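First comes the structure, then the notes that go with it.
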């Protein structure tokens with residue numbers, strides 16, 4: 001990390017100024033990490049509901065429609081986060097998982 005200046009403050013603590021370029025890179029890496037972690041969560045939720053998309057699964061039409069809508073919302077979130085800031089991603093609301101999918105976890 002490129003350093004501009006290192007000094008000891010009045011309390012005897014070491015302080016470091018880094019270059020703007022280094023700070024920008026740190027922020028970019030932090031955002032990428034945040035996006036990656038959020039993406040993993042969304043993909044995990046999609047995987048946990050994959051079984052609902054199998055053609056011979058035994059669920060009602062209403063459940064099938066609910067699963068389709070839920071999975072579509074998750075895919076939309078996944079597609080959109082690559083263009084969002086960390087602050088925007090932090091306020092993304094995940095859709096509520098349909099109860100019949102939650103029940104299948106057990």
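The single condition among (1) part of a loop (DSSP other than H, G, I, E, B); (2) out of contact with any helix residue (DSSP H, G or I) (no Cβ under 8 Å at 6 or more places or on another chain) that residue 72 does not satisfy is (1).
Under the condition of being more than 25 Å from the chain's Cα centre (by Cα) and surrounded by fewer than 13 Cβ atoms within 10 Å (Cβ to Cβ), the residues counted in the stretch 44-63 number 8. Any chance the stretch 24-39 includes a residue that's more than 27 Å from residue 95 (Cα to Cα), in contact with a strand residue (DSSP E or B) (Cβ under 6 Å, 6 or more places away or on another chain) and at pLDDT below 85? Checked the stretch 24-39: no residue is more than 27 Å from residue 95 (Cα to Cα), in contact with a strand residue (DSSP E or B) (Cβ under 6 Å, 6 or more places away or on another chain) and at pLDDT below 85.
Please verify whether residue 63 is touching a residue at least 40 places away in the same chain (Cβ under 8 Å) and in contact with a helix residue (DSSP H, G or I) (Cβ under 6 Å, 6 or more places away or on another chain), treating the condition exactly as stated. Spelling it out, it is not the case that residue 63 is touching a residue at least 40 places away in the same chain (Cβ under 8 Å) and in contact with a helix residue (DSSP H, G or I) (Cβ under 6 Å, 6 or more places away or on another chain).
The values are calculated or read from the model by the stated rules, or taken from the named source; none is laboratory data. This one's a predicted model, so the numbers in the text were calculated from it and none came from an experiment. All Cβ positions, glycine included, derive from the backbone under ideal geometry; neighbour counts span all protein chains shown.
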